[in-house]
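Chemist: I'd like to ask you about the structure that follows.
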Amino acid sequence: MTVDIHRAPLREIPADTLYRILWLRVQVFVVEQEAAYPELDGRDLEPDAELLWAEEGGQVIATLRVLHDGDNARIGRVATALSARGRGVAADLMRPAVARAEERWPRHPILLDAQQHLAPWYGRFGFAADGDVFHEDGIPHVPMRRGVR
């Protein structure tokens, strides 16, 4: 099946697609990773926020968001369905997310908080550790930064 990549602000996403995006985020972060936290944090509603997602056969199989965070861009909520892992789908979202952040905010570095075991994966996209490991919901994370190009 073909994987289609999409990007839009929240207000332009059809309700059923948005439901599937948010369902996937809850499945990965709250259920699978057992991190009881407010997944719906209000940041998706910010005027500069954009969601990217991958669909296959009408199902959302991966998603992330791009935010404007003061003097930085930020990529977050990177989630991939278990059935889509190891297929390069998340990488297919990261490349356009980085490009979009650089297009919209060309003089701003891009930040993200990576789960520690995924830091080398994010390194493939030009991110480097930018601080000490911290624990969020019992999961070790590392702040990462991709400098201005």
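The values are calculated or read from the model by the stated rules, or taken from the named source; none is laboratory data. Not measured: the values here are computed from a predicted model. For neighbour counting, all protein chains shown are included, and Cβ atoms are generated from backbone atoms with ideal geometry for every residue, glycine included. Heads up: the accessible areas ignore ligands, DNA and RNA and are worked out on the full protein's heavy atoms, side chains in. Shrake-Rupley method; radii C 1.70, N 1.55, O 1.52, S 1.80 Å.
Chemist: Starting from residues that are open to solvent by 20 Å² or more (accessible area, probe 1.4 Å) and charged (D, E, K, R), keep the ones in the stretch 52-85 and report whichever is farthest from Q115 (Cα to Cα).
Modeler: E56
Chemist: Can you tell me how many residues in the stretch 53-77 are within 12 Å of T2 (Cα to Cα), in contact (Cβ under 8 Å) with a residue 24 or more places away in the chain and either among the acidic types (D, E) or not in a strand (DSSP E or B) (or both)?
Modeler: Qualifying residue count, the stretch 53-77: 3.
Chemist: Also, I was wondering about something else. Could you say whether any residue in the stretch 27-39 is over 22 Å from H141 (Cα atoms), at pLDDT below 95 and open to solvent by 50 Å² or more (accessible area, probe 1.4 Å)? Steps first, please.
Modeler: Step one: filter the stretch 27-39 for residues over 22 Å from H141 (Cα atoms), giving none.
Taking every residue of the stretch 27-39 in turn, none turns out to be over 22 Å from H141 (Cα atoms), at pLDDT below 95 and open to solvent by 50 Å² or more (accessible area, probe 1.4 Å).
Chemist: Return the total of residues in the stretch 35-52 being in a loop (DSSP other than H, G, I, E, B), touching a residue at least 40 places away in the same chain (Cβ under 8 Å) and either within 16 Å of V78 (Cβ to Cβ) or out of contact with any Lys or Arg (no Cβ under 9 Å at 6 or more places or on another chain) (or both).
Modeler: Filtering the stretch 35-52 down to residues in a loop (DSSP other than H, G, I, E, B) leaves 35-42, 46-49.
Next, from what is left, pick out any that are touching a residue at least 40 places away in the same chain (Cβ under 8 Å): 35-37, 48-49.
Those left that are additionally either within 16 Å of V78 (Cβ to Cβ) or out of contact with any Lys or Arg (no Cβ under 9 Å at 6 or more places or on another chain) (or both): 35-37, 49.
Number of matching residues: 4.
Chemist: What's the total number of residues in the stretch 4-34 that are outside any loop (DSSP other than H, G, I, E, B) and closer than 20 Å to A99 by Cα? Step through it out loud before you land on a result.
Modeler: Going through the stretch 4-34, the residues outside any loop (DSSP other than H, G, I, E, B) turn out to be 4-8, 10-12, 15-32.
The next check asks that each one be closer than 20 Å to A99 by Cα; those that pass are 4-8, 10.
Number satisfying all stated conditions: 6.
Chemist: Evaluate the following for V66: is it at pLDDT 95 or above, closer than 21 Å to L10 by Cβ and within 12 Å of the chain's Cα centre (by Cα)?
Modeler: Details: at pLDDT 95 or above: yes; closer than 21 Å to L10 by Cβ: yes; within 12 Å of the chain's Cα centre (by Cα): yes.
For V66, the condition - at pLDDT 95 or above, closer than 21 Å to L10 by Cβ and within 12 Å of the chain's Cα centre (by Cα) - is met.
Chemist: Restricting the search to the stretch 1-16, which residues are touching a residue at least 24 places away in the same chain (Cβ under 8 Å) and open to solvent by 60 Å² or more (accessible area, probe 1.4 Å)? Walk me through how you get there before you give the answer.
Modeler: So the first thing to find is which residues in the stretch 1-16 are touching a residue at least 24 places away in the same chain (Cβ under 8 Å), and the list is 1-10, 13.
Correct list: M1, T2, D4, I5, H6, R7.
Chemist: For the stretch 98-125, which residues satisfy the criterion of being exposed (fewer than 14 other Cβ atoms within 10 Å of the Cβ) and in contact with a helix residue (DSSP H, G or I) (Cβ under 8 Å, 6 or more places away or on another chain)?
Modeler: Residues of the stretch 98-125 exposed (fewer than 14 other Cβ atoms within 10 Å of the Cβ): 99, 103-104, 106-107, 117, 120, 124.
R124 - this is the single residue of the stretch 98-125 that is exposed (fewer than 14 other Cβ atoms within 10 Å of the Cβ) and in contact with a helix residue (DSSP H, G or I) (Cβ under 8 Å, 6 or more places away or on another chain).
Chemist: Shifting gears a bit: Can you give me the number of residues within the stretch 121-149 that are outside any strand (DSSP E or B) and under 16 Å from the mean Cα position of the chain (by Cα)? Outline the logic, then answer.
Modeler: Of all residues in the stretch 121-149, those outside any strand (DSSP E or B) come to 121-127, 130-133, 137-138, 147-149.
After this cut, where a residue has to be under 16 Å from the mean Cα position of the chain (by Cα) as well, the list is 121-127.
The number of residues fulfilling the criteria is 7.
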